[in-house]
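Report on one structure; see the data block that follows.
Just so it is clear, none of the values below were taken in a lab; they were calculated from the coordinates. In this text the structure is predicted, and so the values were computed from the model without any measurement. A quick note on method: Cβ atoms are made from the backbone with ideal geometry, for glycine too, and the neighbour counts reach across all protein chains shown.
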Amino acid sequence: MNSGMLQALVKDTVLEPAKAARQVLDFEVAPKAVWLGLVLIVVLNGLFYGSLLPHAGGPLMPAAIVESPLRLTGAVGAMLFVTIYLLMFGGRLFGGAASLLDMAQIMVWLQGLRLILQLVVLVLSLAVPLLGWLLSAVAGLWGIWVLVNFIAVAHRFEALKAVATLVLAFVVMIVGLSVLIATVSGVPPQAGEI
């Protein structure tokens, strides 16, 4: 893949996500390379968040995790791997056909773009905070639409089932995190903390 193809794929991801998803899934990438790419994305996200979040613990990310780059990277990795599994199994409940490798491959691509976007938002926020916030908000909403399209293409079903898959994964993740926090801390989170 040359730089022109990469730029076209980024453009398609933003403007024609279903087309981009088909292109990403059509790449013949060895399974080991996909998993290695996922680990790389996790480490880069851990470094990024670790440099931005020191001493910023909260109800969903206790200070003990945020203050340790290794623990933070582990938490980011665990959440990403759980998300991949939930999107795969959730989609299958609605008749989807995506494999674990399919979901991992699209998540490597989307998480890589997300990380680059976060760096752009960070720089823009330092220069013009309002523009950084606006870009972040628009990108977050647009990112949901892109993810829905990628899920639909990976599972080979319509967008409504992809939305249902995403909602199911989100609900299961929130319930799971709530149970985990309650188990680890011994105190269930309050309704406003989730």
- Virtual spin-label span in nm between ALA78 and LEU122, 7 Å along Cα→Cβ: 2.4 nm
- Task: Using Cα extents along the principal axes in Å as the read-out, say which of (1) 45, 43, 32; (2) 97, 44, 26; (3) 56, 40, 35 was calculated from these coordinates.
- Result: (1)
- What are the DSSP H helices in the chain that stretch 15 Å or more along their long axis, judged by alpha-carbon atoms, and whose average Kyte-Doolittle hydropathy comes to at least 0.5? 3-15, 31-52, 69-93, 100-127, 129-155, 159-185
- Contact order relative to length of the chain, as percent, for alpha carbon pairs under 8 angstrom and 6 or more apart: 25 percent
- Query: Taking neighbour counts of Cβ atoms within 10 Å as a proxy for exposure, in what order, fewest first, do SER3, SER51 appear?
  - Reply: SER3, SER51
- Query: Per residue of the chain, what 222 nm ellipticity follows from adding -39500 (n - 2.57) for every DSSP H run with n ≥ 4, rounded to the nearest 500?
  - Reply: -27500 deg cm²/dmol
- Note on the structure: The lysines whose Cα lies under 21 Å from the Cα of LYS161, excluding any fewer than 8 residues away in the same chain, are LYS19
